[in-house]
1. So, in the range A:166-185, exactly how many residues are closer than 13 Å to residue A:139 by Cα and either at pLDDT below 95 or over 19 Å from the mean Cα position of the chain (by Cα) (or both)?
2. Looking at residue B:214, is it more than 20 Å from the chain's Cα centre (by Cα), under 30 Å from residue A:173 (Cα atoms) and within 10 Å of chain A (Cβ to nearest Cβ)?
3. The conditions are (1) under 19 Å from the mean Cα position of the chain (by Cα); (2) outside any helix (DSSP H, G or I), and residue A:188 fails exactly one of them. Which is it?
4. Can you tell me which of B:162, B:155, B:199, B:166 is more than 12 Å from chain A (Cβ to nearest Cβ) and surrounded by 16 or more Cβ atoms within 10 Å (Cβ to Cβ)?
5. Filter the range A:360-375 down to residues that are in contact with a strand residue (DSSP E or B) (Cβ under 8 Å, 6 or more places away or on another chain), buried (at least 17 other Cβ atoms within 10 Å of the Cβ) and assigned to a loop (DSSP other than H, G, I, E, B), then give me how many there are.
6. Could you tell me how many of the residues in the range A:136-145 are crowded, with 21+ Cβ neighbours inside 10 Å, within 21 Å of residue A:312 (Cβ to Cβ) and in contact with a helix residue (DSSP H, G or I) (Cβ under 7 Å, 6 or more places away or on another chain)?
7. If you take the residues in the range B:221-231 that are at pLDDT 85 or above and surrounded by fewer than 18 Cβ atoms within 10 Å (Cβ to Cβ), which one is nearest to the other protein chains (Cβ to nearest Cβ)?
């Protein structure tokens, strides 16, 4: 080879590295749509070497799948702590494995419980973080939106405006959004915030959407039953809107009272009264009904560190750094015969009994115990009670504890306009909870 | 050109005589095993693991074929002294190298196509409908193997097959971890700028074999890749350009080498 040819070839080689670097710059962002991102060495070190190498040479999804099978075994063995790092590794390896995100978030929401099966609320921010990460990696999958919205809508947060936000995001971002899980959820969340006209419009739209889907595929059983449910709810909403406008006036006084007693260290007794009037045998078509005291409402109760606010933007990590010094207990108490009462023995889950697995640490100096009744919460207020007290308490009043601020308790300031709820807060010190002997708080 | 083709077909013929296609048989058996191995899992898990493992096995088998072929292409000719006979004829050194490379590539292509075909038929039978998109994964695997073959051939002109084996595999593994090298090259207040620039260089200069692993969008059709065809074409261009670089370097070194 002539020297000049050699020089030319060397120059060509060097020049060819320019398009290579450019192509890599173009390829990298596209690869991120289906590869792990925000990769840090702490995630890598968590992965055994053989898995890391396997993942590197093209077995990423296979390894993630096999780890998920192993995770299922942990679940059946009751080894719940081991599941969290597994979910972290699997969703890192395979950011499109929808089941892992959803099951992982459900696991964080429901499976860590105290001795009386009340869930450990400290996990909820991490569950939400996992679902948000799922949405970031899979923005077009409606399951994520319905699950994060449901976490806000139902038992866990009862933050209905945020539930509406996530349901609406799901309908907006997912071309194939689930009419039942997203659409029905959205309509119910509108009902829970007293936005009855929006709820009716949503049910009307859902009837059409289900019908169109069912006509396209007559074997589509979910859409057929979804259409029947939407038709029924539409019909009921229209009639309820009409009757509740009349029936909720004048507001009924529920005469709420509540008392809190410490009967032993970390053992609390809550009791009180709430007289809710509701309908017996309401026939929506004819408006035939009888008003009477009814059972079935539930009063929410939450004990927590006085200064605790749910962290908004945590990341779902291997260990999650669960705040060990934070105490949160939430429950709901059913009202029967106009009274409610429940004993909470939190000592069973205190550090002295449960050790490292303690949920109630009582490390803070000050606590609040809040009792509230939100007539818009579907889990706390049956429809026959709402027939009298209204969608969001417009037919309800109380001499002492009526809260008209509209701010939903323990949310990041979510507000429902026109909401009238009952709310009473007790302020306790650490000594009040840990002390011995009987002590009553009013 | 005819010289190159003669050398390529000779190399392919020799590979066939050395029963390299038997690898395909073993892979086919392995693929058949995985089609039944995960049936106790849920349907979705079963298909995810089957597809990922299947594509992974094809890649891994192809990697071994490419490396073992690539590291021996030139040293074999030198050891058996057949290179003297070839180079004494009107065959230029670069023609010899390109011919050997193409012969190896045809062997890799034949194996990859056969393995891909068995896999596609298996998935078809398992999920009761054909999934032609798997060919995209097989195509990317082939271009990945082309690059690897060129890398092994480059090293084979100046190091022993033993050293070449480990060197090629080392670069393959580093190059497969594109996500890691890219992440390490991202500026961070806790990282030294030297480390950042070092990994930026590694990420840009080392062949990124990780670019070609597109199993994820094949397993999850809902995955949003802005334009899959464009992405595949860009990766093909990357593989061809990088292969050209490696072949040019190999030609430059081989031209100076005493045989």
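The values are calculated or read from the model by the stated rules, or taken from the named source; none is laboratory data. Everything numeric in this text was worked out from a predicted model, so none of it was measured. Quick reminder, even Gly has a Cβ in these numbers, built from the backbone with ideal geometry, and neighbours come from all protein chains shown.
1. 6
2. no
3. If we test residue A:188 against (1) under 19 Å from the mean Cα position of the chain (by Cα); (2) outside any helix (DSSP H, G or I), just (2) comes out false.
4. None of the others qualify; the one that does is B:155.
5. Within the range A:360-375, residues that are in contact with a strand residue (DSSP E or B) (Cβ under 8 Å, 6 or more places away or on another chain), buried (at least 17 other Cβ atoms within 10 Å of the Cβ) and assigned to a loop (DSSP other than H, G, I, E, B) number 4.
6. 2
7. Of everything passing the filter in the range B:221-231, B:230 is nearest to the other protein chains (Cβ to nearest Cβ).
Quick grid of which residues meet (1) more than 9 Å from chain A (Cβ to nearest Cβ); (2) touching a strand residue (DSSP E or B) at 6+ places or on another chain (Cβ under 7 Å); (3) closer than 24 Å to residue B:160 by Cβ:
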position	(1), (2), (3)
B:45	no, no, no
B:50	no, no, no
B:56	no, no, no
B:59	no, no, no
B:69	yes, no, yes
B:72	yes, no, yes
B:118	yes, no, no
B:126	yes, no, no
